[in-house]
1. Restricting to Cα pairs below 8 Å that are 6+ residues apart, what does the relative contact order work out to for the range 103-253? Please round to a whole percent.
2. So for the chain: antiparallel DSSP bridges make up what percent, rounded to the nearest 5?
3. Full-extension gain between Ala285 and Trp90, please, as 0.36 nm times their residue separation minus the C-alpha to C-alpha distance.
4. Given just the C-alpha atoms of the chain, how large is their convex hull per residue in cubic angstrom?
5. Identify the GluC sites (Glu not before Pro) of the range 182-230 meeting these criteria: DSSP loop state and at most 16 other C-beta atoms within 10 Å of the C-beta.
6. In the neighborhood of Asp235, defined by Cβ-to-Cβ distances under 9 Å, what is the net charge if each Lys or Arg adds +1 and each Asp or Glu adds -1?
7. Projected area of the range 19-146, taken from the Cα convex hull and averaged over every viewing direction, in nm²?
8. Pop a pseudo-label 7 angstrom from the Cα along the beta-carbon direction at both Val186 and Ser128 and give the gap in nm to one decimal.
Amino acid sequence: MYDEQQQPDQAPLAGFTVGVTAARRADELGALLQRRGAAVLHAPALRIVPLADDSELLAATKEVIDRTPDVVVATTAIGFRGWIEAADGWGLGEELLARLRGVELLARGPKVKGAIRAAGLTEDWSPSSESMAEVLDRLLEEGVEGRRVALQLHGEPLPGFVEALRAGGAEVLGVPVYRWLPPEDVGPMDRLLDATVSRGLDALTFTSAPAAASLLSRAEDRGLLPDLLEALSHDVVPACVGPVTAVPLQSRGVDTVSPERFRLGPLVQLLCRELPGRARALPIAGHRVEIRGHAVLVDGALRPVPPAGMSLLRALSRRPGWVVARADLLRALPGAGRDEHAVETAMARLRTALGAPKLIQTVVKRGYRLALDPAADAKYADV
């Protein structure tokens, strides 16, 4: 888990908690989120196992050397580099590179192009969209009848890609460079699941489809899948780096958000728009109050609030200006039991945390209400 750092009050993600499921580049993503004010909870949902000693990769490499394909599709930089390095380890590196110089070499995106050129090769084409769908369209437009296509696999599902090539008459050889497996220690992933289901997160990020599939599988094992899907469908924003990553979630009926450019920076920028856009801002007692995940902005100043206080504030904000009975507020408190004194204690702490006690009014013998500005009363009268 990353430590939350002090951030300027105006940081776009201040007061929000974001989950990170990435195995690779998790530190980079976490740092980007923290710089924008977020608290970050990290739990790798998978681990990458290289196949340098794997018989499948060796067999596929020998087949590429012995029966040179017409087209080779490189899908990831790490995968392409791993393939060349493994071939070198087997003493097959020069033969593999010699074969790749004579084929149509397609690169999924700029990072893969960099890996190809670092190996002394030159790609023939790369899609501007970095989309495998565009690669598929190009191959089918060229015609694949009778052609051999080698596809460097990258651990993520490619829905319909291989099937479409085979339907077009191609012979497809998969080159599996590494595999995704569940983490050896599932404790952090379980804590991330619990935080998601309990709405302790405001967003959950995914940078690979296997990570999404792994989290769903673990939730199913623990009997939490319905709760996880409910949280991701209504309260916790599922943010995916691209459409391929979103496939496991969307197949379960979860709508996801993704940036137009499939990169970590745009993913963070997307959350900087999405989360503040979903936060509720209310005019209360002459102040502008914005309710975020684990904190409140009062006139732009960040006020961290304890979990019990946030539960009360959310209950009060569902019908701004209306009186909420103590019994209803007690039900909103997690694990509070039957003692309404717990409401008074949590309310006192909430008022202290907000730094403006008059934001919440006590209505004698009835409960509490947000001191909504008179001009806003009509707006929220029928909420």
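The values are calculated or read from the model by the stated rules, or taken from the named source; none is laboratory data. Because the structure is a prediction, the values reported are computed rather than measured. Neighbour counts run over all protein chains shown; Cβ positions are idealised from the backbone, glycine included. What goes into the accessible areas is simple: the full protein's heavy atoms, side chains included, and nothing from ligands, DNA or RNA. Shrake-Rupley method; radii C 1.70, N 1.55, O 1.52, S 1.80 Å.
1. Value for the range 103-253: 18 percent.
2. On the way: 23 of 49 bridges.
Restricted to the chain, the bridges split so that about 45 percent are antiparallel.
3. On the way: separation 195, 0.36 × 195 = 70.20 nm, distance 7.28 nm.
Gain on stretching Ala285 to Trp90: 62.9 nm.
4. About 160 Å³ per residue, rounded to a whole number.
5. The qualifying sites are Glu184.
6. Values: positive: Arg199; negative: Asp202, Glu230.
Summing Lys and Arg as +1 and Asp and Glu as -1 gives -1.
7. Working: hull surface 39.2 nm².
For the range 19-146, the mean projected area of the Cα convex hull comes to 9.8 nm².
8. 4.6 nm
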